[in-house]
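Please treat every number below as a calculation from the coordinates, not as lab data. Only a predicted model underlies this, so the values are computations on that prediction, with no experimental measurement involved. Ideal geometry is used to build each Cβ from the backbone, glycine not excepted, and the neighbour counts take in all protein chains shown.
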Amino acid sequence: MLFGNWKVDDNGISWSGTGLNRFVIPGDQLNKTMPDGSEEGLFYEWIILATEESWLTQNDLYDLNYAFVFAIAKFGLEFNYDIFDSTLADQYDQFDAEDAEDLDL
């Protein structure tokens with residue numbers, strides 16, 4: 001299944017856009033988490049890692065978010081809405097910071 005330039009298959013999620021860039025999320029690691037910087041919170045690591053890739057546009061990342069949720073269900077992995085909401089809040093904060101930076105140029 002395709003979500004923009006993201007392909008979800010039996011291996012996981014992979015970038016299928018043009019160019020030499022590559023980003024692959026193995027299916028068995030989709031729901032891997034990382035600390036969010038607070039004492040208790042977590043982020044979904046792969047969403048944060050993709051957000052930090054400068055070559056991915058905001059639209060690419062929105063598409064990845066949809067692909068991510070679909071793939072979590074496809075692989076039957078545990079999913080936590082609170083972690084996802086926190087992850088997306090951080091992603092949007094990064095978008096806002098980038099937009100503000102662009103305005104300062």
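Here are some notes:
- Using the average count of surrounding beta-carbon atoms within 10 Å as a protection proxy, the listed peptides 72-85, 44-57 rank, highest first, as 44-57, 72-85.
- Total formal charge among the other residues, if their Cβ is under 13 angstrom from that of Gln29, Lys/Arg +1 and Asp/Glu -1: -2
- For Val8, the shell of other residues with beta-carbons less than 15 Å away shows a net charge of -3, using +1 for Lys and Arg and -1 for Asp and Glu.
- Helical runs (DSSP H, four residues minimum) scored at -39500 (n - 2.57) apiece and divided by the length of the chain put the mean residue ellipticity at 222 nm at -15500 deg cm²/dmol.
- Translational diffusion of the chain, estimated by Stokes-Einstein from the Kirkwood radius over alpha carbon pairs at 25 °C in a medium of 0.890 mPa s, is 172 µm² per second.
- Charge-dipole axis of segment 2-104 as Lys and Arg at +1 and Asp and Glu at -1 on Cβ define it, positive-most pick from Phe23, Asn80, Gln91: Phe23
- Spacing of the modelled spin labels on Leu2 and Tyr81, each 7 Å from Cα toward Cβ, amounts to 3.2 nm.
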